[in-house]
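Peer 1: Encoded as structure tokens, here's the structure I'll be asking about.
The values are calculated or read from the model by the stated rules, or taken from the named source; none is laboratory data. For clarity, every value in this text was computed on a predicted model and none was experimentally measured. Cβ atoms come from the backbone with ideal geometry, glycine included; neighbour counts cover every protein chain shown.
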Amino acid sequence: MAADDEYVYDEATGEWRPASEVAAAAANGQPITKDSAGNVLADGDSVTLIKDLKVKGANTTLKQGTVIKSIRLTEDPEEIDCRHDTIKGLVLRTEFVRKR
């Protein structure tokens, strides 16, 4: 069996994940951040919104399909830090984005 075929059960998420992915996360000391489809996100990735989102305090709605470039991961694996043309310091939940 090759290293690519090995999976490890992640008790925190309740999912079976590739052993190489778990080892990379342990080496970085940071939890793995995944988008709504289960794709692993990294700093600098671009994401697309999967639903319209009303932005609190900005009287703006980000429409479905909006592309957000150059995301930054946070300590919380369920949130990403990003910037949009009209909104600076935007924090999005990973459940509302999909990796491009």
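Peer 1: Of the conditions (1) over 18 Å from residue 37 (Cβ atoms); (2) under 14 Å from the mean Cα position of the chain (by Cα), residue 84 satisfies every one except a single condition; which number is it?
Peer 2: Unmet for residue 84, out of (1) over 18 Å from residue 37 (Cβ atoms); (2) under 14 Å from the mean Cα position of the chain (by Cα): (2).
One line per residue, one yes/no per condition, for (1) part of a helix (DSSP H, G or I); (2) surrounded by 15 or more Cβ atoms within 10 Å (Cβ to Cβ); (3) at pLDDT 90 or above; (4) not hydroxyl-bearing (Ser, Thr, Tyr):
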position: 13; (1), (2), (3), (4): no, no, no, no
position: 17; (1), (2), (3), (4): no, yes, no, yes
position: 23; (1), (2), (3), (4): yes, no, no, yes
position: 30; (1), (2), (3), (4): no, no, no, yes
position: 51; (1), (2), (3), (4): no, no, yes, yes
position: 54; (1), (2), (3), (4): no, no, yes, yes
position: 65; (1), (2), (3), (4): no, no, yes, yes
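Peer 1: Let me ask you something else. Would you pick out the residues in segment 71-90 that are surrounded by 11 or more Cβ atoms within 10 Å (Cβ to Cβ) and not acidic (Asp, Glu)?
Peer 2: Passing the criteria: 71, 72, 73, 74, 77, 80, 82, 83, 84, 87, 90.
Peer 1: Taking segment 34-49 as the region of interest, how many residues are under 18 Å from residue 88 (Cβ atoms) and part of a strand (DSSP E or B)?
Peer 2: Here the count works out to 2.
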